[in-house]
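Read through the structure below, which is laid out as C-alpha cells, and then see the notes.
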Amino acid sequence: MKPVILDVDTGLDDACALLLAARHPELDLKAVTCVGGNVGLDDVVVNTLTVLDAAGRSDVPVAAGAAVPLLQPVRAAPHVHGADGLGNLDWPRSTRTPGTGHAVELLRDVLRAAATSGELVTLIPLAPMTNIALLLRTYPDAAAGLREIVFMGGAAGIGNATASAEFNIWTDPEAAAIVLNAAAELGVSVTMYGLDVFYDVVISLEQARSLGGSPSAELARKLIEKRSELYGSDGASIGDGGAVCAVIDPAGLTTQSFPLRVELSGSWSRGRTIVDTRGSLDLGRDPHGPSPTVQVATAVDGARYADLWLSTVK
C-alpha cells in the first residue's frame, strides 16, 4: 500500500478525490488536513468529514489548518461549488468534529513517524498550499518522511481564476512559491497536476447514474450530477481526483521536467505558474538564476483514470 496524506479545501472535486483515496485498496490514507479555499475553513472541515463518513472511513485523522492565505484574504468559489462547498446537495452533513490539533501539527507528526519507520508518504495537496508552506518552513525535518509531493494546481499556459492563474495557486501564490523553493532545498520530488490535464478525466452522466448501492457510490453519483448541472454538460471531470489517480497509477500520466516559478506580482499575472520550456543555453543566462524543477503533467489517459475512479467509488 502507498501511504498518502491529502490536504484539501473540500468542494465538489476534492470530494471526488477524497472518495477515491479513502476507498482504493492500494492507498493507506494516513490523514486529511483542511485549509480555507473553495469555501471557508469551517465548511471545508464539515465537508471533509461528510465525505469520509460516506466512504466508511471515520478512522482517518482530520485536522483544521489555515483559514486564510499567508498575505491576502481567502477568495471562495461558491459559483463553482455551491454556498456550502458540496453543491448544496441533499446529503446528511457529518456531526463529527476534527482533531483538536492544528493541521500543520498533524502533518508534522505523521511525517516524522514515516521518517522513523522508513514508510515514506506521498503528500497530495488539492488546495491552496498554505498548510504545506507553513509545515516545510516551520518543521523542515518533517520532509524526511516525504516520498514526493503531487499537487493539483497551476498550468503551463492557461488559467481559470484569471486568464493567467489557476485557482489554488492564485488563492495563495506566496505559499505555492514557498513550497516549490522548500521542496527543492529539501530534496523532495514535486509533480504538478495542473489545468493542462485537469479537465480530461470525465465521467459521463450515464456512467454516474449507474452508481449506487452504497453511500460512497450514491455520493459519487450526486457529485458528478451536480458538476454536470453547474457546467450544463452531459458529464463532468473528477478534477482533483485525477491527481489521486496519478499517485495510484502513474503510468496513466505523461510528465516532463521543467523549471517552475510562481508569479507574485503583476496586475494580470499574479499567481501564474511560469513553466520554463527554454533550452539549456537560455536557462543558463537567465538573470533570475535557477528555478525549482518539477515534473509537469502534460497529458493524461482520461479513459483509464475515469475507469479507475468509477471502479473504486462503486
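The values are calculated or read from the model by the stated rules, or taken from the named source; none is laboratory data. Predicted model only: the values in this text are computed from it and were never measured. Please note: Cβ atoms are built from the backbone with ideal geometry, for glycine as well, and neighbour counts cover all protein chains shown. Accessible surface is based on the protein model in full, side chains and every heavy atom, while ligands, DNA and RNA are left aside. Shrake-Rupley method; radii C 1.70, N 1.55, O 1.52, S 1.80 Å.
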Inset, instruction - Output the residue which, of all residues in the stretch 69-96 that are touching a Leu at 6+ places or on another chain (Cβ under 7 Å), closer than 21 Å to Ser58 by Cβ and of a type outside the set (Gly, Ala, Ser), is least open to solvent (accessible area, probe 1.4 Å). - result: Leu86
Inset, instruction - May I ask you to verify whether Gly154 is under 19 Å from Pro69 (Cα atoms), at pLDDT 95 or above and either open to solvent by 10 Å² or more (accessible area, probe 1.4 Å) or part of a loop (DSSP other than H, G, I, E, B) (or both)? - result: yes
Legend entry - Subset of the stretch 290-314 that is of a type in the set (D, E, K, R) and over 15 Å from Cys16 (Cβ atoms) - its residue that is least open to solvent (accessible area, probe 1.4 Å): Asp301
Inset, instruction - State yes or no: is Gly99 of a type outside the set (Asp, Glu), open to solvent by 30 Å² or more (accessible area, probe 1.4 Å) and in a loop (DSSP other than H, G, I, E, B)? - result: yes
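With the condition being modelled with pLDDT under 95, I'd like the helices (runs of 4 or more DSSP H) fully within the stretch 191-233 carrying at least 2 qualifying residues.
Counting at least 2 such residues, we get 215-231.
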Inset, instruction - Could you list all residues from the stretch 113-138 that are in contact with a Phe, Trp or Tyr (Cβ under 8 Å, 6 or more places away or on another chain) and either surrounded by fewer than 15 Cβ atoms within 10 Å (Cβ to Cβ) or in a loop (DSSP other than H, G, I, E, B) (or both)? - result: Leu126, Met129
Legend entry - Residue selected from the stretch 36-68 under the condition acidic (Asp, Glu) and under 19 Å from Asp13 (Cβ atoms), by the criterion surrounded by the most Cβ atoms within 10 Å (Cβ to Cβ): Asp43
Inset, instruction - May I ask you to list pairs of residues, at least six apart or on different chains, whose Cβ atoms are under 8 Å apart, with the first in the stretch 189-207 being touching a residue at least 12 places away in the same chain (Cβ under 8 Å) and the second being open to solvent by 50 Å² or more (accessible area, probe 1.4 Å) and of a type in the set (S, T, N, Q)? - result: Ser189/Gln295; Val190/Gln295; Thr191/Thr255; Thr191/Gln295; Met192/Gln295; Leu195/Asn160; Asp196/Thr298; Val197/Thr298
